[in-house]
Amino acid sequence: MRRIAARLLAFVFALVLAIPTVHAQAGGTSSDPWWKHAVFYEIYPRSFMDSTGDGIGDLNGIASKLDYLHALGVDAIWISPCFPSPQVDFGYDVSDYENIDPKYGTLADFDRLEKLGAEHGVKIILDFVVNHTSDVHPWFIESRSSRNNPKRDWYIWRDGKAKNQPPNNWISTFGGSAWQWDTKTNQYYYHFFYPQQPDLNWRNPVVADAMYGTSQWWYKRGVAGFRLDAVSTLFEDPNLKDNKILPGKNKQGDPNMDNENNDKLPEVHDALKGLRKAADPYGAVLIGETWTDNIAELKKYYGSNHDELQMPMDLMLTKLKFSAPVFREHIAAVNGTGEWPTWVISNHDIVRAWNRYGDGKHNDQIAKDMAAMYLTLRGTPIMYYGEEIGMQNNDPKRKEDVKDPIGRTGWPKEIGRDGERTPMQWDETPNAGFTTGIPWNPIPVTYKTYNVADELKDPNSILNWYKAVLALRHTNEALLDGDYIALNTSDPNVLSYLRKAQNKAVLVVINMSAKPQKAKFDLSQQGFSSGTATTLMSTPKAASTQKLSEIALQPFGVYIGEVTK
Ligand code: TEU
């Protein structure tokens, strides 16, 4: 009887924790989980703000910028790994999951950041590297110490096929064989990424439990959720079948291959269910680094019973060309899943959005177009630091300047990811106000004009455009919850849609061409027959009321207006 009562109490407690709360800034209705209307912002901690003068960003640096983040309209920050690490892959090689790397601060600094974050309405999301640890993690040190060590089976150890021959033909995505020979015990261990990042054996239930436990250790500390790193590669075929070799070579000079036996195995979904079960009692959110080839794959990550990731990132958007028909088709497909989308246009692994979508001439305006689009769609956006000021890639020009090891092994075809990880540009003082020391990664000269301080003063800056769109999406009912209705779907140049709530709607019209365009709308079918819209935002500035029968758009111009019944 006592046990039943205790279980009941635990259940009620879990239920209370899981009740979604609504953040004042994030808006939405009270039944929505907080993350549904939150704006997320990825911080690469090495590069955001340095409080010590060592040239590397840190947690106290982030804490000093909470006012900025709140004013920008950010509700949650995802901090890329800040755990103890030898930094072979800049933190994606974790040697202790339950601590903070001294380069970034201490656990006390973390607790302070979280407390200050709560005061600023900014929640903290950490980055959980679930596929592998560092080779200096105590688990791996034990595992490699002998063939019969109790942790041997925490990683993937195998004999070679023959002398000097790895167990199979799998290739590491960071170059070379995915197998590393270890002289201590004369076996190979498996690593999908660098040899210093041995893969955990998720088929071992003790490993899975250890990872679930780690996630809960952080939830108890107040973390609001995790971005889960590299989830698709958690499992490998137990028989280690060779992969099919495809024609051609990749940027590292290795043969192209179909990773059919070590990527996207169905067991991944069991692990995600386990992580979700661990998260639910704390009301935590799971965001996935879900590189997918198609919409069906993306949909799977939500779980057939909504029991996997709440926010699998749509990273397909980052691969699309800046084009009205291309985006229109993709948005329709993502909405077609019936799930709540998670939009991303940039991150620490890919060329910055400003360069990638830009045409080389109108990049600032295109940056505003992208913001107007992905921040007004139905779903939750995840921004990447610096995107809001139009930060640009600053790629190394010589191999000897490359910091990212994949750029060193793959040069010159693979130049690495340093270019998209340069320090945040706060002002026009030396080192862009990021550090008083020598920045770990050089800052592009463009920081003199693309920086927070100057852009705050300029009403037409990319930053003020972002702030305005974010303010609008936090308060406008149609942008928060309205349906997405594509308009003028055969227009080759202008992307137009309605976000429709009960009695009003927001009309978003974006000219994605370098020529002036005219768009006209008849919204009577959608229940809006007044024929006019009240301007909410536009570039360049438009009259306060617009006739829907003729909206004139400048090259790459945007019009956002409200229509009412
Ligand atoms: O990335 C996983 C991944 O497969 C890619 O994004 C990869 O980094 C890219 O293709 C290389 O060009 C995650 C992290 O986001 C990345 O920074 C880490 O290096 C990687 O995992 C290993 O932890």
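The values are calculated or read from the model by the stated rules, or taken from the named source; none is laboratory data. Keep in mind the model is a prediction, meaning the values are calculated, not measured. As a convention, Cβ positions derive from the backbone with ideal geometry for all residues, glycine included, and neighbour counts pool all protein chains shown.
Summary of computed values
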quantity	calculated
Filter pass, V402 being more than 27 Å from A76 (Cβ to Cβ), within 14 Å of the ligand (Cβ to nearest atom), of a type outside the set (K, R) and at pLDDT 95 or above	yes
Flag for K361 being closer than 25 Å to E420 by Cα, surrounded by fewer than 21 Cβ atoms within 10 Å (Cβ to Cβ), under 19 Å from the mean Cα position of the chain (by Cα) and of a type in the set (K, R)	no
Criterion (touching a Ser or Thr at 6+ places or on another chain (Cβ under 8 Å) and either more than 16 Å from the ligand (Cβ to nearest atom) or modelled with pLDDT of 95 or more (or both)) met by exactly one of V122, V136, V129	V136
Filtered residues of the stretch 440-484 (kept if in contact with a Phe, Trp or Tyr (Cβ under 7 Å, 6 or more places away or on another chain) and within 21 Å of N503 (Cα to Cα))	Y484
Test: A224 is away from the ligand (no atom under 16 Å from the Cβ), of a type in the set (A, V, I, L, M, F, W, C) and surrounded by fewer than 20 Cβ atoms within 10 Å (Cβ to Cβ)	no
Single unsatisfied condition, K251 versus (1) among the basic types (K, R); (2) within 16 Å of the ligand (Cβ to nearest atom); (3) within 30 Å of E114 (Cβ to Cβ)	(3)
Qualifying positions in the stretch 503-523 - in a loop (DSSP other than H, G, I, E, B) and in contact with a helix residue (DSSP H, G or I) (Cβ under 6 Å, 6 or more places away or on another chain)	M512
Hey, Y384 more than 16 Å from the ligand (Cβ to nearest atom) and aromatic (F, W, Y) or not	no
All strands (runs of 3 or more DSSP E) inside the stretch 197-260 with 2 or more residues being at pLDDT 95 or above and within 26 Å of W34 (Cα to Cα)	225-229
Tally of residues being in contact (Cβ under 8 Å) with a residue 40 or more places away in the chain, in a loop (DSSP other than H, G, I, E, B) and closer than 19 Å to S146 by Cα across the stretch 168-196	5
Any hit, the stretch 103-115, residues being of a type in the set (S, T, N, Q) and either crowded, with 22+ Cβ neighbours inside 10 Å or within 16 Å of the ligand (Cβ to nearest atom) (or both)	no
Filtered residues of the stretch 190-212 (kept if touching a helix residue (DSSP H, G or I) at 6+ places or on another chain (Cβ under 8 Å) and within 16 Å of the ligand (Cβ to nearest atom))	F192, Y194, P198, D199, L200, W202, M211
Exclusive hit being over 29 Å from E388 (Cα atoms) and either touching a helix residue (DSSP H, G or I) at 6+ places or on another chain (Cβ under 6 Å) or not polar (S, T, N, Q) (or both), set L66, L107	L107
Tally of residues being crowded, with 24+ Cβ neighbours inside 10 Å and in contact (Cβ under 8 Å) with a residue 60 or more places away in the chain across the stretch 348-358	1
Residue ID - nearest to L72 (Cα to Cα), chosen from residues in the stretch 83-142 that are polar (S, T, N, Q) and free of Cβ contacts under 8 Å to residues at least 60 places away in the same chain	T106
In the stretch 270-297, the residues that are more than 16 Å from the ligand (Cβ to nearest atom), free of Cβ contacts under 8 Å to residues at least 60 places away in the same chain, over 17 Å from N131 (Cα atoms) and in a helix (DSSP H, G or I)	I295, A296
Whichever residue in the stretch 503-551 is within 35 Å of the chain's Cα centre (by Cα) and among the small types (G, A, S) and, among such residues, is surrounded by the most Cβ atoms within 10 Å (Cβ to Cβ)	A505
All positions within the stretch 302-332 that are touching a residue at least 60 places away in the same chain (Cβ under 8 Å) and either among the aliphatic types (A, V, I, L, M) or assigned to a loop (DSSP other than H, G, I, E, B) (or both)	L309, Q310, M311, M313, F322, S323, A324, I331, A332
Residue count for the stretch 408-464, restricted to those that are farther than 24 Å from G53 by Cβ, within 16 Å of the ligand (Cβ to nearest atom) and free of Cβ contacts under 8 Å to residues at least 60 places away in the same chain	5
Tally of residues being out of contact with any strand residue (DSSP E or B) (no Cβ under 8 Å at 6 or more places or on another chain), away from the ligand (no atom under 13 Å from the Cβ) and not small (G, A, S) across the stretch 73-96	3
Test result for Q392, closer than 20 Å to S538 by Cα and polar (S, T, N, Q)	no
Residue count, the stretch 228-242 (criterion: farther than 30 Å from I124 by Cα and either β-branched (V, I, T) or within 16 Å of the ligand (Cβ to nearest atom) (or both))	1
